[in-house]
Amino acid sequence: MKELFEKNVEWAEAVKKNDPTFFEQLSKQQAPEYLWIGCSDSRVPANEIVGLMPGELFVHRNVANMVVHSDLNCLSVIQYAVEYLQVKHVIVCGHYGCGGVRASVERKRLGLIDNWLLNVQDVQYIHQAYPSDDGDKTDIVNQVCELNVVEQVVNVCKTNIIKDAWMRGQDLTVHGWIYSIADGLLKDLGVNITHLEDMRPKYHQAIEDINQRYV
Ligand code: CO
């Protein structure tokens with residue numbers, strides 16, 4: 001643990017060297033333009049991936065980047081970000097090879113988390129995305145990772161928080177991205193939704209594109 005505190009001091013000093021008033025300014029307020037909803041996976045650090053500093057990204061992470069309508073934690077983050085911080089973009093970001101998605105695809109029994117991952121199994125059911133018998137599950141896992149992002153984008157858009165924001169005329173776009181741990185790059189899955197009317201057509205197009213890529 002000592003090492004972590006030492007690294008913390010080094011980091012704070014490096015930031016201050018670059019901008020002596022950085023922490024002083026930041027302590028007064030936060031005004032991030034983005035809400036990031038991502039996976040808890042240690043290989044997908046939200047700020048680093050998009051090169052943003054503290055103060056620039058509001059973050060919610062859970063296993064398999066889910067937006068579940070009964071999850072008060074996630075909903076509270078979305079509400080606060082949209083209504084009080086007035087973020088302009090909500091980004092749902094999945095990643096290839098997600099352990100949560102893999103566990104769902106492989107029907108693994110891991111304990112308490114199985115209940116959470118039933119939400120991923122729902123995504124599989126909706127799209128009838130199941131492994132074939134040939135053994136290698138890499139493609140189906142990655143396909144479900146992409147399908148899951150699109151489903152979670154729609155789950156964000158369906159909340160009254162987002163619908164009300166759009167009704168008020170708030171400038172707000174919901175995005176679906178996927179990150180590749182293998183090369184560090186993000187891909188936009190084409191579900192960029194700025195109005196409720198966009199939701200269905202963009203959803204269906206994105207799902208069609210994904211399913212075509214994995215034929
Ligand atoms: Co993951």
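Below, the figures for the structure above:
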quantity	calculated
Lys, Arg +1 and Asp, Glu -1 on Cβ, resulting dipole of region 31-213 about Cα centre, debye, nearest 20	300 debye
Per-q log10 I(q)/I(0), the chain, q = 0.19 Å⁻¹ (Debye; single scatterer per alpha-carbon; no solvent)	-1.39
Helix-only [θ]222 nm of the chain, DSSP H runs n ≥ 4, -39500 (n - 2.57) each, per residue, nearest 500	-15000 deg cm²/dmol
Cα lying deepest toward the dipole's positive end in region 72-212, options Val123, Val101, Val82, charges on Cβ	Val82
Under 17 Å from the Cα of Lys28 - aspartates and glutamates, other chains or at least 8 residues apart	Asp19, Glu56
Accessible-area value, Phe58, 1.4 Å probe, nucleic acids and ligands omitted, Å²	40 Å²
Relative packing of 75-83, 114-122, which averages over residues the other C-beta atoms within 10 Å, highest first	75-83, 114-122
Label-reachable residues, region 32-50, where backbone N falls under 20 Å from a point 7 Å from Asp19's Cα toward its Cβ	32-36, 46-50
Average accessible surface area per residue within region 31-213, 1.4 Å rolling probe, Å²	49 Å²
Relative contact order of region 122-215, defined on C-alpha pairs under 8 angstrom at six or more residues apart (%)	26 percent
Cβ-based net charge around Gln170, under 12 Å, with every Lys or Arg adding one and every Asp or Glu removing one	0
Probe 1.4 Å - accessible area at Trp11, Å² to nearest ten	120 Å²
Cα-based reach from Lys88 at 16 Å (exclusive), listing lysines while leaving out same-chain residues under 8 positions away	Lys163
Accessible area, probe 1.4 Å, largest first, for residues Leu185, Leu196	Leu185, Leu196
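The values are calculated or read from the model by the stated rules, or taken from the named source; none is laboratory data. Quantities reported herein were computed from a predicted structural model and do not represent experimental measurements. Cβ sites come from the backbone with ideal geometry, for glycine too, and all protein chains shown count toward neighbours. The accessibility values were calculated without ligands, DNA or RNA, using every heavy atom of the protein model including side chains. Shrake-Rupley method; radii C 1.70, N 1.55, O 1.52, S 1.80 Å.
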